[in-house]
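Let me begin by presenting the structure, written as structure tokens, before commenting on it.
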Amino acid sequence: MRYVGVGRESSQGNPVSPQSYMDPRRVEASPIVEDQVINTLSSRFPKLKHLGGVRVEGEIEGLFGPDSFSMLVLSMVLGKVQSTASEGYSVHNFSPLEIGEVPNTYTVELCDEGIARVIVGAFGDSMELNLRPDEPVSASLSFLALNELQGTPRTPTFSRVHPVRPEDVVCLIGGQAVELDELTLKLENDLSTDHYTIGSRTLPRHELGEFSVAGTFSARFRSRSHLDRFLNGQETSLSIRMRSGTVAAGIDREVVVELPRVYYSTWSCEVVPSERSVQEVEFRALATSAGDPPVRFRVQTEEQLPG
């Protein structure tokens with residue numbers, strides 16, 4: 001049996017049993033032990049080894065949509081969620097933590113061929129959202145955890161998955177619909193990995209760094225609008241709506257991503273004989289003038305918020 005179980009911890013680093021199970025496309029978790037080899041004057045050869053700090057770094061990749069797996073990924077990388085319940089469905093608004101706010105950590109339990117690994121104190125270091133014209137929307141979560149323990153295999157019950165087909169994605173730039181070949185959006189928390197303290201081999205807690213939102217998109221070169229926006233240093237907005245069926249009549253099951261303030265950091269367009277000209281744009285998101293965060297996710301679904 002192979003599965004990934006996740007539970008939200010009451011305090012950082014205290015393991016809990018899985019509260020939900022996921023069946024991702026790929027998972028990886030690697031313990032990092034920073035042993036130190038010590039040299040002395042008497043020889044060119046190292047003689048001593050000192051046990052250094054330990055932590056766990058991992059990545060989970062799966063299909064992204066209005067379901068519990070995707071909400072769990074958003075919870076682990078953004079940290080804040082406000083939910084409003086309606087009859088038969090709920091709306092969940094995700095946003096990043098600010099300075100001084102402490103992230104809720106998670107226990108990630110991995111089971112492979114009857115061997116269970118319990119990874120404690122996990123929080124998202126980064127998330128990458130990928131939109132392509134030839135495959136469902138996917139996301140990968142890179143996480144940092146405090147330690148790894150031995151566990152006992154369980155019998156999982158997987159939640160429903162609501163993948164988003166590429167034809168059910170609408171992208172708006174400056175409020176206008178655009179035809180994009182590809183789009184990648186990356187969120188980063190810049191978690192610290194070197195704040196070990198005397199008396200322990202593990203990190204005492206998670207320290208959040210600068211939160212950044214950046215991405216790229218490619219589109220056929222049909223007009224100068226993106227080029228002029230880059231040359232003139234103009235800001236715009238980006239909105240992505242991903243739909244996966246309906247919850248009820250007239251109620252869409254969807255994820256909406258809002259970046260109210262975006263600027264282009266680079267622009268390029270390679271001209272190749274017998275091929276169409278495609279412009280490649282890199283962009284970054286900024287906080288609004290009112291101090292609102294640079295990105296928000298809204299998930300409308302009947303699925304329960306994990307944890």
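The values are calculated or read from the model by the stated rules, or taken from the named source; none is laboratory data. Note that the structure is predicted; figures quoted are calculated from it, not measured. All Cβ positions, even for glycine, are placed from backbone atoms using ideal geometry, and neighbour counts span all protein chains on display.
Considering the stretch 229-256, and only residues there that are within 30 Å of ASP190 (Cβ to Cβ) and of a type in the set (Lys, Arg), the residue that is nearest to the chain's Cα centre (by Cα) turns out to be ARG241. Of the candidates SER244, SER265, the single residue that is polar (S, T, N, Q), touching a Pro at 6+ places or on another chain (Cβ under 7 Å) and touching a residue at least 24 places away in the same chain (Cβ under 8 Å) is SER244.
Taking the stretch 178-232 as the search range and keeping residues that are small (Gly, Ala, Ser) and touching a residue at least 40 places away in the same chain (Cβ under 8 Å), which one is farthest from VAL281 (Cα to Cα)? Selected residue: SER212.
For the residues LEU72, LEU141, LEU131, LEU149, the requirement of being surrounded by fewer than 17 Cβ atoms within 10 Å (Cβ to Cβ) and either touching a residue at least 12 places away in the same chain (Cβ under 8 Å) or of a type in the set (Asp, Glu) (or both) singles out LEU149. Within the stretch 185-194, identify whether any single residue is more than 19 Å from the chain's Cα centre (by Cα) and not β-branched (Val, Ile, Thr), and answer yes or no. Looking through the stretch 185-194, at least one residue is more than 19 Å from the chain's Cα centre (by Cα) and not β-branched (Val, Ile, Thr).
Suppose we keep only residues that are within 15 Å of the chain's Cα centre (by Cα) and of a type outside the set (Gly, Ala, Ser) within the stretch 211-228. Which one would you say is farthest from LEU131 (Cα to Cα)? This residue is PHE211. Here GLU113 clears all of (1) among the charged types (D, E, K, R); (2) over 19 Å from the mean Cα position of the chain (by Cα); (3) at pLDDT 95 or above except the condition numbered (3).
Residues that are touching a Phe, Trp or Tyr at 6+ places or on another chain (Cβ under 9 Å), at pLDDT 90 or above, of a type in the set (D, E, K, R) and not in a loop (DSSP other than H, G, I, E, B) are absent from the stretch 60-69. Applying the criterion of being hydrophobic (A, V, I, L, M, F, W, C) and part of a loop (DSSP other than H, G, I, E, B) to the residues of the stretch 1-42, the residue that is farthest from VAL108 (Cα to Cα) is LEU41.
Going through the stretch 171-196 one residue at a time, which ones are within 18 Å of VAL257 (Cβ to Cβ), surrounded by 14 or more Cβ atoms within 10 Å (Cβ to Cβ) and among the aliphatic types (A, V, I, L, M)? The answer is LEU172, ILE173, VAL178, LEU180, LEU183, LEU185, LEU187. The listed residues are VAL255, VAL281, VAL299, VAL271, and the only one of them that is among the aliphatic types (A, V, I, L, M), over 15 Å from ASN93 (Cβ atoms) and buried (at least 16 other Cβ atoms within 10 Å of the Cβ) turns out to be VAL281.
Does at least one position in the stretch 134-155 carry a residue that is closer than 30 Å to ALA285 by Cβ, acidic (Asp, Glu) and in a strand (DSSP E or B)? Within the stretch 134-155, one or more residues are closer than 30 Å to ALA285 by Cβ, acidic (Asp, Glu) and in a strand (DSSP E or B). Looking across VAL91, VAL118, VAL77, one residue alone is on the phi < 0 side of the Ramachandran plot, β-branched (Val, Ile, Thr), assigned to a strand (DSSP E or B) and crowded, with 18+ Cβ neighbours inside 10 Å. It is VAL118.
Scanning the stretch 122-163 for residues that are among the aliphatic types (A, V, I, L, M) and within 30 Å of SER200 (Cβ to Cβ) turns up ALA122, MET127, LEU141, LEU144, ALA145, LEU146, LEU149. Being among the aliphatic types (A, V, I, L, M) and either assigned to a strand (DSSP E or B) or crowded, with 16+ Cβ neighbours inside 10 Å (or both) is a description that does not apply to ILE99. Return only the number of the condition from (1) without any contact (Cβ under 8 Å) to a residue 40 or more places away in the chain; (2) surrounded by 14 or more Cβ atoms within 10 Å (Cβ to Cβ); (3) under 17 Å from ARG8 (Cβ atoms) that GLU34 does not satisfy. Evaluating GLU34 over (1) without any contact (Cβ under 8 Å) to a residue 40 or more places away in the chain; (2) surrounded by 14 or more Cβ atoms within 10 Å (Cβ to Cβ); (3) under 17 Å from ARG8 (Cβ atoms) leaves (3) as the failure.
Would you point out the residue of the stretch 116-168, among those that are among the hydroxyl-bearing types (Ser, Thr, Tyr) and under 14 Å from the mean Cα position of the chain (by Cα), that is nearest to GLN300 (Cα to Cα)? Applying the filter and picking the extreme gives SER138.
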